[in-house]
Amino acid sequence: QVQLVESGGGLVQPGGSLRLSCAASGIIFSRYAMGWYRQAPGKQRELVAVITSGDRTNYADTVKGRFTISRDNAENTVYLQMNSLKPEDTAVYYCYAKLGLSDYWGQGTQVTVSS
């Protein structure tokens with residue numbers, strides 16, 4: 001059974017930082033592209049960042065220079081370091097794993113940026 005379990009969300013002030021983690025089980029983690037998506041209230045889910053099995057990364061324009069995605073294949077975990085957070089970053093953040101036609105989602109973790 002595949003599980004993606006996110007953690008690290010919470011309430012942070014504008015300008016602050018958070019690090020999200022996603023622990024994967026039930027997949028050969030190193031073979032999967034991993035990503036983070038987010039969904040704000042009333043909006044569609046959007047890609048935030050992705051890291052391939054070869055460690056290539058890509059970011060949404062709205063988070064470039066502020067967010068960093070990384071992975072630890074030994075720990076089956078993908079991270080999202082979020083710095084200089086803005087109120088518009090408020091959303092539920094979802095972990096995503098993809099290999100070919102197989103894809104899996106985590107349950108999401110809430111990130112709220114507010115003073």
Please identify the pairs in which a residue from segment 8-29 that is surrounded by 12 or more Cβ atoms within 10 Å (Cβ to Cβ) and at pLDDT 95 or above has its Cβ atom under 8 Å from the Cβ atom of a residue that is assigned to a strand (DSSP E or B) and of a type in the set (Asp, Glu), counting only partners at least 6 apart or on another chain. Leu20/Glu6; Ser21/Glu6; Cys22/Glu6
Please tell me if Leu85 is within 18 Å of Gly15 (Cβ to Cβ), in a loop (DSSP other than H, G, I, E, B) and out of contact with any helix residue (DSSP H, G or I) (no Cβ under 8 Å at 6 or more places or on another chain). yes
Which one is least open to solvent (accessible area, probe 1.4 Å), of the residues in segment 41-55 that are in a loop (DSSP other than H, G, I, E, B) and under 16 Å from Leu80 (Cβ atoms)? Thr52
Meets criteria (closer than 22 Å to Gln13 by Cβ, more than 10 Å from the chain's Cα centre (by Cα), in contact (Cβ under 8 Å) with a residue 60 or more places away in the chain and surrounded by 15 or more Cβ atoms within 10 Å (Cβ to Cβ)) for Val111: yes
For segment 67-101: of the residues being of a type in the set (Ser, Thr, Tyr) and touching a residue at least 24 places away in the same chain (Cβ under 8 Å), which is farthest from Gln39 (Cα to Cα)? Thr77
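The values are calculated or read from the model by the stated rules, or taken from the named source; none is laboratory data. All of these numbers come straight from a predicted model, not from anything done at the bench. Here Cβ is always computed from backbone atoms with ideal geometry, including for glycine, and neighbour counts include all displayed protein chains. Areas reflect the complete protein model, heavy atoms only, side chains present, ligands, DNA and RNA absent. Shrake-Rupley method; radii C 1.70, N 1.55, O 1.52, S 1.80 Å.
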